[in-house]
Amino acid sequence: MPINPHALPQPVLRTIPREQHVISRRDISPNALRVLYRLREGGFGAYLVGGAVRDLLLGLHPKDFDVATDATPEQVRALFRNCRLIGRRFRLAHVVYGREIIEVATFRANSDDGSGDREVEDGRLVRDNVYGTIEDDAVRRDFTCNALYYAIEDFSVRDYVGGYEDVQARVMRLIGDPETRYREDPVRMLRAVRLAAKLGFAIEPGTADPIPRLASLLGEAAPARLFEEMLKLFLSGHAVASFEGLERHGLLGALLPETAAALRSNRSGALRRMVLEGLRNTDARVAADEPVSPAFLFALLLWPAYCRSLAGLQAQGMHAEEAQRRAADRVTLHQVQTIALPKRFSLPMQEIWLLQSRFSSRQRKRVFRLLSHPRFRAAFDFLVLRQTASDSHAADVEFWRQAQDSPDEELSASLVAASAAGEDDDAPARRRRRRRRRGAAPAGE
Ligand code: ATP
Ligand code: MG
């Protein structure tokens, strides 16, 4: 049974010959070319497909090269020694060359005569292994720009859904009836926003319009898939554009419900400014090929939620340290229900938050303990970021910037001198903390 026979358009082939497009074999990974040629020698159709063709047409460097073929996974395996079959929802062949993996997928159909291996639950695909023709394969893809095929037999680009024109016009357009396609797989809404942000494409109105209305469907998507999408949205160098896209299309609340609520209630807009500044830094780091950490990213994205929760608990009279721990746990617990945030990221994320209150201490022992904390650097970078939202951290930032750069003896001597000058060891720290507690949580930012 077809999912919805009217959802998909009739494919009409347009061939763009080699001399009319810009894709050159020089820009294709040699391993992908190897796979394409071998499939062809084996008598099969062999095409580069999806994001790689799109990116090459745009003059970008694809990060991976996917291949589509009419060979079955078993036939692909028989051709390559370095091949393994993976996947349940999508059965695929991986041809492995050291660290590079070329994914080879057999053409799939979106309609089913009952002979294939397909499972639909509540309108959503849970298993999709019905093989078909290249035309079937084209129309079951998500966006027209993702449904282009580069044929190794004549180096032409094959377009069945108008994707070539949409790439030239820089437009994201869903193939078929948008609402049906979003209901089939709600993650496509995130992909629309993410790819538009990454490529600088506009989302065509028919494709954009249903998104706010259907945003809540994301609540039913697999949390692990949403986590993967989050990393792609925010750690691929276009985090600011992604964030603004999610806001514009009403998707932020579906991914980060408590942060969305906290940002709405933060009238000054300070928390939003801080989030955007942090995302700008992330983008700059990616552009400079510097490492970016998911823990820091989530510390940033969930900080508004944490601040709001903390303010609430403190308003109930809870002691600061207890409130901080509870707020951190609460936000993490709630967030995990939408996005499967793994512990290896949520624990360091919480540490980044909880260390924030320790930057006000000048007590010698505490200063040294904090400096040698494994999460010190991330927590300090986070403190620097908080200055975007509030100017009350300037003195702490200055102190800890110097503290990191000073030799131990010098720092130790200056802290002893400070306490000899009347600020006896523990007192300044306590005074500061008390003041901060009354001034209420960082939510005041
Ligand atoms: P990226 O640049 O992020 O890799 P991509 O378009 O290559 O973008 P992939 O997740 O690598 O994205 O998917 C490869 C191809 O598989 C897509 O270009 C598209 O044709 C198809 N595809 C991926 N996800 C879906 C989906 N949810 N529904 C339909 N087709 C999809
Ligand atoms: Mg890809």
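The values are calculated or read from the model by the stated rules, or taken from the named source; none is laboratory data. In this text, all values refer to a predicted model and were calculated from it rather than measured experimentally. In this analysis, Cβ positions are derived from the backbone assuming ideal geometry, glycine residues included, and neighbour counts consider all displayed protein chains. Accessible surface is based on the protein model in full, side chains and every heavy atom, while ligands, DNA and RNA are left aside. Shrake-Rupley method; radii C 1.70, N 1.55, O 1.52, S 1.80 Å.
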Restricting attention to region 212-229, the residues that are out of contact with any Pro (no Cβ under 6 Å at 6 or more places or on another chain) and either open to solvent by less than 30 Å² (accessible area, probe 1.4 Å) or of a type in the set (Phe, Trp, Tyr) (or both) number exactly 5
Within region 230-270, of all residues that are away from ligand 1 (no atom under 16 Å from the Cβ) and outside any helix (DSSP H, G or I), the one surrounded by the most Cβ atoms within 10 Å (Cβ to Cβ) is 256
Of all helices (runs of 4 or more DSSP H) fully inside region 307-403, the set with 3 or more residues that are touching a strand residue (DSSP E or B) at 6+ places or on another chain (Cβ under 7 Å), buried (at least 17 other Cβ atoms within 10 Å of the Cβ) and in contact (Cβ under 8 Å) with a residue 12 or more places away in the chain is none
Of (1) farther than 25 Å from residue 186 by Cβ; (2) crowded, with 19+ Cβ neighbours inside 10 Å, residue 51 fails just (1)
Of 271, 297, 256, 302, the only residue that is over 15 Å from the mean Cα position of the chain (by Cα) and within 29 Å of residue 322 (Cα to Cα) is 271
Pairs returned, first residue in region 270-297 that is acidic (Asp, Glu), second residue that is outside any helix (DSSP H, G or I), beta-carbon separation under 6 angstrom, 6 or more apart or interchain, are 277/388; 283/237
Exercise for review: Take residue 39 and decide whether it is within 14 Å of ligand 2 (Cβ to nearest atom), touching a strand residue (DSSP E or B) at 6+ places or on another chain (Cβ under 8 Å) and at pLDDT 95 or above.
Suggested key: no
If you go through region 131-139 one residue at a time, do you hit one that is part of a strand (DSSP E or B), open to solvent by 30 Å² or more (accessible area, probe 1.4 Å) and out of contact with any Cys (no Cβ under 7 Å at 6 or more places or on another chain)?
yes
Inspect region 57-71 for any residue being modelled with pLDDT of 95 or more, assigned to a helix (DSSP H, G or I), within 24 Å of the chain's Cα centre (by Cα) and within 16 Å of ligand 2 (Cβ to nearest atom) and give the result as yes or no. yes
Based on what the data block shows, is residue 70 within 13 Å of ligand 1 (Cβ to nearest atom) and surrounded by 13 or more Cβ atoms within 10 Å (Cβ to Cβ)? no
Over region 20-48, the set of residues assigned to a helix (DSSP H, G or I) and open to solvent by 60 Å² or more (accessible area, probe 1.4 Å) is 20, 25, 26, 27, 30, 34, 37, 38, 40, 41
Taking region 167-197 and keeping only residues that are away from ligand 1 (no atom under 13 Å from the Cβ), out of contact with any Phe, Trp or Tyr (no Cβ under 7 Å at 6 or more places or on another chain) and either more than 28 Å from residue 338 (Cα to Cα) or open to solvent by less than 30 Å² (accessible area, probe 1.4 Å) (or both), one is left with 168, 169
With the first residue restricted to region 26-43 and required to be under 14 Å from residue 61 (Cβ atoms), and the second required to be buried (at least 16 other Cβ atoms within 10 Å of the Cβ) and among the aromatic types (Phe, Trp, Tyr), Cβ contacts under 7 Å at 6 or more apart or on different chains are 28/65; 29/65; 32/65
message = When you scan region 74-91, do you find a residue that is within 16 Å of ligand 1 (Cβ to nearest atom), touching a residue at least 12 places away in the same chain (Cβ under 8 Å), touching a helix residue (DSSP H, G or I) at 6+ places or on another chain (Cβ under 6 Å) and not small (Gly, Ala, Ser), even just one?
response = yes
The condition of being more than 26 Å from the chain's Cα centre (by Cα) and open to solvent by 50 Å² or more (accessible area, probe 1.4 Å) holds, among 108, 89, 77, only for 77
Inset, instruction - Kindly establish whether residue 363 is in the same structural domain as residue 282 (by TED's automatic domain parsing) and either closer than 24 Å to residue 266 by Cα or at pLDDT 90 or above (or both). - result: no
For region 54-65, the count of residues that are open to solvent by less than 50 Å² (accessible area, probe 1.4 Å) and near ligand 1 (Cβ under 9 Å from one of its atoms) equals 3
